[in-house]
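The values are calculated or read from the model by the stated rules, or taken from the named source; none is laboratory data. Computed from a prediction, not measured in an experiment: that's the story for all the values here. Quick reminder, even Gly has a Cβ in these numbers, built from the backbone with ideal geometry, and neighbours come from all protein chains shown. Accessible surface is based on the protein model in full, side chains and every heavy atom, while ligands, DNA and RNA are left aside. Shrake-Rupley method; radii C 1.70, N 1.55, O 1.52, S 1.80 Å.
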Amino acid sequence: MRGSKESVVIIGGGIIGLGIGWQLAKSGCEVTIYERDRAGRAASWAAAGMLAPIAEVHFEERELLELGSASLRLYPEWVRELESDTQMSVGFRQEGTLIVGVDRDDAGLLQHFFDSQRLLGLNAEWLTGAEARDIEPLLSPQITAAISCEDDHQVDNRLMVSALMTAFRIAGGTLSEGTPVSKIEVQNGKARGVRIKDRLHEADVIVLAAGCWSADIEGLPDPIAPPVRPVKGQMMALQMEAGITTQKVIRTPRAKYNTNAYLVPKANGRLIVGATSEEMGFDTRLTAGGLFELLRSAWEAVPGIYDLPVLETWAGLRPGSRDNAPILGKTSVENLIMATGHYRNGILLTPVTAREISSLILTGVSTQAIAPFPLSRFQIG
Ligand code: FAD
Ligand code: GLY
């Protein structure tokens, strides 16, 4: 990690690998992304595209809140650059988010959450049910209270993945799909390259960005395998129709069912309804119960969805670390960089990850922004 003409191999062509690859290729590095399947079709395709550092904040996760807020601040410029490089839209919308309470339990939870947001100095506004319905008329008459998070936005993650693939290639990067990396070659404490079938691809820097599969690649000494696990999320898309449309992202808290539902309207008329959160290993089967819980929670908030056609159902795997925060930066294996474990916020965290990891590779210096997120925080002794 010395100069601007490094050769870099990125393992994983999700939104994180593509974002880093794009920035590095633009800076003159020789970058190859190896993707074992189709690029961008794993968690990055499954996501809802919410950019919600405030609506998803947990009081004890202040460093993650700062990282998410920093990434959200980068979004307008990131989108401008990406859309200008590719002439492709990524569906960035800045209409804000409403968290709505459908009963007294929810309202209690909302109040508690709102108090935390205020203590953290976040931009959140308390609304009555009537005020919330003035903003989103399709909200249920049952809704008694809501929090408006004006600064939490959304992007169309599928469009962003497609734009990043194009932008990466335009910048001179090589995207090799259908090409699994079987091993990271480490010699004398240094990463030398990656093994693709019988071939060794040597590179100055290896970036591990394989999402929830990041711990499964051979070659890493035990303490270096990142503690990342899959957390399943079931989702569906409905087709909005005339008179049954929403503008803002609408979320419900987790009071009654073990599902904190959200409804995310896209410019193409799709209404994304998500998501379960299940510890089921690598199982991506859809279940009747999972979809039922989602629909029930979403329908309680916006009853009008009852009549909408179902366009698609799917499940994806969030790459969750032990503390829900990403693993970013250098490791004790020289020339091996981690960019994984983005859990529920990988779409939000793409610009800051891409900027900070590419800067680390180009300059050799780690910035303050990613300092709280090294792999070493999980290593004992
Ligand atoms: P992935 O997109 O999973 O990409 C990893 C890639 O690595 C895959 O394509 C995989 O095939 C490849 N790979 C694995 N092993 C190898 C190997 N050996 N060789 C080569 N390639 C390999 N985040 C938000 O910010 N907002 C949201 O609204 C949101 N909603 C979500 C909803 C759901 C249901 C889910 C599942 C996630 C959601 N997320 C959201 C989280 C976000 O999707 C993830 O954090 C993000 O996509 C992670 O990106 P990634 O590139 O690390 O992983
Ligand atoms: N951030 C939304 C989810 O992970 O479901």
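Structure notes:
- Taking Lys and Arg as +1 and Asp and Glu as -1, the other residues whose beta-carbon sits under 14 Å from that of I357 total +1.
- Residue-normalised accessible area of the chain, given per residue in Å² at a 1.4 Å probe: 41 Å²
- On the principal axes of its alpha-carbon atoms, the chain has extents of 64, 43, 38 Å, going from largest to smallest.
- Fully extending the segment from E66 to F292 would add 77.9 nm, taking 0.36 nm per residue of separation and subtracting the current Cα-Cα distance.
- More than 19 Å apart - percent of Cα-Cα pairs taken over segment 129-267: 70 percent
- Other residues within the sphere of radius under 9 Å centred on the Cβ of A369, judged by their own Cβ, net out at -1 (K and R +1, D and E -1).
- Cleavage-rule hits (GluC sites (Glu not before Pro)) in segment 165-257: DSSP loop, at most 15 neighbouring Cβ within 10 angstrom: E177
- Note on T128 and H112: their simple-model spin labels are 2.6 nm apart, each label 7 Å out from Cα toward Cβ.
- Accessible area of segment 231-365 belonging to carbon and sulfur atoms, whole % at 1.4 Å probe: 54 percent
- Top positive-direction residue, dipole computed over the chain with Cβ charges, set C149, L120, M50: M50
- Based on alpha-carbon atoms, the Kirkwood radius and the radius of gyration of segment 16-139 give Rg/Rh equal to 1.05.
- Between A70, S84, V100, the Cα set farthest toward the positive side of the dipole of segment 53-103 (charges on each charged residue's Cβ, about the Cα centre) is that of S84.
- For D156, the residues whose amide H sits under 5 Å from its own are G91, F92, ignoring neighbours fewer than 5 places away on the same chain, with H placed 1.01 Å from N.
- Ranked by the mean number of other Cβ atoms within 10 Å per residue, highest first, peptides 227-238, 369-380, 62-73, 45-56 order as 45-56, 227-238, 62-73, 369-380.
- Distance between segment 140-186 and segment 1-75 - C-alpha centres, whole angstrom: 8 Å
- Added length on full extension, which subtracts the Cα-Cα distance from 0.36 nm per residue, R104 to R41: 18.8 nm
- Once the mean of 1/r is taken over each pair of separate Cα atoms and inverted, segment 211-345 shows a Kirkwood hydrodynamic radius of 16.5 Å.
- In units of the compact-protein estimate 2.2 N^0.38 Å, segment 29-99 shows a Cα radius of gyration of 1.36.
- For F92, net neighbour charge (Lys/Arg +1, Asp/Glu -1) across residues whose Cβ lies under 14 Å away: -2
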